[in-house]
Amino acid sequence: KFLESCGASYGTSRLHIIIKERHHVVRHHRLSIISKPRRRFLASSSSSFMSLQTVAPLSRIMSFAATRRPTRNQLLKSMTTTRQKSSSGGQQQHFTIDLLPSRSENLGIITLNRPAALNALSLDMIRSFNHILPQFRLDETLQGTLFEGCHTGKRSVFCSGGDVKSVYMSGKGLSKTEDSVPSDHGYGMPSLETADFFREEYQMNNLIATQPERCPQISIWDGVVMGGGAGISVHGKYRVATENTLFAMPETGIGLFPDVGSMYWLPRLEGGLGTYIALTGARLKADDLMYAGLATHYVPSSKLGKLRDALVAATAIASGDSEGNGTGVDDNVHVHVGGIEGVLASFAEDIDTTNSFLATNRGFIDESFSFENKSSVEEIVESLRLLCSSSGDACDSTEFGRKTLDTLHKMSPTSLKVTFEGIRRGAELSDVASVLKMEYRMVQRFMREHSDFYEGVRAVLVDKDHKPKWSPGKLEEVTDDVVESFFESLGDNELVFPEDTNDYATSKL
């Protein structure tokens, strides 16, 4: 039925179905089309490629191509809005061309395929994730999962975050798919995108954080990794940085806070690093990420193609598949965890972290942002002011203090104080699931009418004047009662997780 619906949308287009069950088929089809999207996929008017997860076992994932590229509206009609009941249990399925699942040997692969939007996560992509990940979880033949981003070649990108602009439209009552007014939003009510987006995104984050140890996740951070992009990767076991990596949690600049489980891992970074990253939205490169422990490996982007092949071969060897031999991976790779770790180690290169921004300014960061030294955002600001006026190594400290103060003054005062309190509380919670439940309360409070979130998104993503008018406009005007209101219960609309994933695993960070 699904294929028939696509055929109807394509009109006279012919559909060619390919069953991808062997490494050479996947490699020829997938890498030749997806890894060169500008020439052979996105910019082509004569071909189109999509991937879907069928109701059959995961070993039979189908891909199909049309001889004539349909319009974007046709694709959305046939793919994004089509939901079907599975013949084996009645589970709802959701497909979108913006997320391409596939399988090569015993490696499950998910490619984010929305390069025009820097692979920002839409609600459709999140729902597709929530359909695919449980199948990965239940398939005991899988030896690992690989998450990667598709890009046009102009700019490398993994995932730039969640599609907050669509959430903004919903909360402002401007969505064409909802019948609501702004006062409806911010209380966790189902059927509103301001609630559904974050609820389902956090459920996806929990699925990633609770993946079985036998099936480790590898995320290729080749390019931009921000916000929600961290949420789909940082809770996995391996994060591979390249020379193109640019990582940030910039939410305080749009009147929000670093969510997607960040209140769990941020306070667990050493010293004041987590608080600094959260409040300032600092842009971090590969050396910073290796220094902080956020990235587990550094691999030059020129090696990524061979790395993917080696990971595929390692999962084949781990399962005893003789066809995995001769793929360029050592024969001494025998078990799946050891095999994947061995492959990553063999491709990883040393990178000097001593001159990274975080390492160079670590003393200033700890002095100003560490919980051991500071108990409020106001104290952080005062510490930075003292750095600006200090003597001794005045040049370095003054520059760091001045630039950091300038950055904080651009952020939402409410976001800064709520984020600081969230990090403090997150440090006391024992698992990602508990943190996500707390974050859902926080984010719903940010979705309410007249929140700084709407002003921040307007200034950065809608009007793009980059001149937000925060309310309140000063830190001292954000009272303790206001901060506390962001952590109040949502009653019947609290975040819950499906029973089969509610095992409260901790992040792999």
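The values are calculated or read from the model by the stated rules, or taken from the named source; none is laboratory data. The model shown is predicted, which means the values in this text are computed figures rather than measured ones. For neighbour counting, all protein chains shown are included, and Cβ atoms are generated from backbone atoms with ideal geometry for every residue, glycine included. The protein model used for the area step is the full one, side chains on, heavy atoms only, and it has no ligands, DNA or RNA in it. Shrake-Rupley method; radii C 1.70, N 1.55, O 1.52, S 1.80 Å.
Residues in segment 207-224, backbone N under 20 Å from the label point at residue 268 (7 Å along the Cα-to-beta-carbon vector): list them, ranges by number please.
207-221
At 1.4 Å probe size, with every protein chain present, just tell me what the per residue accessible area of segment 107-163 comes to in Å².
Numbers: 1620 Å² over 57 residues.
Value returned for segment 107-163: 28 Å² of accessible area per residue.
Considering only protein heavy atoms, what per residue accessible area in square angstrom results for segment 409-492 with a 1.4 angstrom probe? If you can, show how the numbers build up before the last one.
Working: 3960 Å² over 84 residues.
On a per-residue basis, 47 Å².
Which residue, chosen from 224, 166, 191, occupies the Cα position most advanced towards the positive end of the dipole of segment 125-276, where the dipole is computed from +1 (Lys, Arg) and -1 (Asp, Glu) charges on Cβ about the Cα centre?
Farthest towards the positive end: 224.
Determine, from the Cβ-Cβ distance of residue 179 and residue 407 and an R0 of 60 Å, the FRET efficiency 1/(1 + (r/R0)^6), rounded to the nearest 0.05.
Details: r = 40 Å, r/R0 = 0.66.
In this case the efficiency is close to 0.90.
Given a cut-off of 18 Å, name the pairs among 165/437; 410/469; 154/306; 417/474 whose C-alpha atoms lie farther apart than that in the structure shown.
Numbers: 165/437 23 Å; 410/469 10 Å; 154/306 22 Å; 417/474 11 Å.
Over 18 Å apart, Cα to Cα: 165/437; 154/306.
To the nearest 20 debye, what is the magnitude of the charge dipole of segment 192-305 about its Cα centre, counting +1 on the Cβ of each Lys and Arg and -1 on the Cβ of each Asp and Glu? Don't skip to the end; give the middle numbers.
Working: 8 positive and 12 negative charges, 71 e Å.
Charge dipole, segment 192-305, about its Cα centre: 340 debye, nearest 20.
Please list the non-local residues whose amide H lies under 5 Å from the amide H of residue 157, H modeled 1.01 Å from N, same-chain partners needing a gap of 5 or more.
Excluding prolines and chain starts, which carry no amide H, the hits are 224.
Please sort 224-235, 424-435, 121-132 by packing, taking for each peptide the average over its residues of neighbouring beta carbons within 10 angstrom, highest first.
Details: 224-235: 26.6, 424-435: 18.4, 121-132: 23.3.
So the peptides 224-235, 424-435, 121-132, ranked by packing, come out 224-235, 121-132, 424-435.
For segment 91-189, what % of the accessible area comes from carbon and sulfur atoms, probe 1.4 Å? Before the final figure, lay out each step's value.
Details: 1690 of 3380 Å².
The nonpolar share, carbon plus sulfur, comes to 50 percent.
For a protection proxy built on the mean count of beta-carbon atoms within 10 angstrom, sort 442-448, 403-409 highest first, please. Walk me through the numbers on the way to the answer.
Values: 442-448: 23.7, 403-409: 15.7.
Those peptides, ordered most packed to least, come out 442-448, 403-409.
What shape does segment 131-180 take by its C-alpha gyration tensor, where a ≥ b ≥ c are the square roots of the eigenvalues and a/c under 1.5 counts as rounded, a/b above b/c as prolate, and the rest as oblate?
Working: a/c = 4.43, a/b = 1.56, b/c = 2.84.
Oblate is the answer for segment 131-180, as a/c is 1.5 or above yet b/c matches or exceeds a/b.
What is the packing order of peptides 277-287, 370-380, 187-197, 461-471, taking the mean over residues of other C-beta atoms within 10 Å and listing the highest first? All intermediate terms of the calculation are to be shown ahead of the outcome.
Values: 277-287: 22.3, 370-380: 16.1, 187-197: 19.5, 461-471: 12.9.
Descending packing order for the listed peptides: 277-287, 187-197, 370-380, 461-471.
Calculate what fraction, in whole %, of the accessible area of segment 339-447 sits on carbon and sulfur atoms when a 1.4 Å probe is rolled over the protein chains.
Numbers: 2230 of 4690 Å².
With neighbouring chains kept in place, the figure for segment 339-447 is 48 percent.
Report, by chain and number, residues whose modeled amide H sits under 5 Å from the one on residue 99, excluding near sequence neighbours (fewer than 5 apart, same chain).
Those lying under 5 Å, H to H, from residue 99 are 113.
Excluding residue 350 itself, calculate the net charge of residues whose Cβ lies under 15 Å from the Cβ of residue 350, where each Lys or Arg counts +1 and each Asp or Glu counts -1.
Values: positive: 303; negative: 243, 287, 349, 352.
Surrounding charge for residue 350 is -3.
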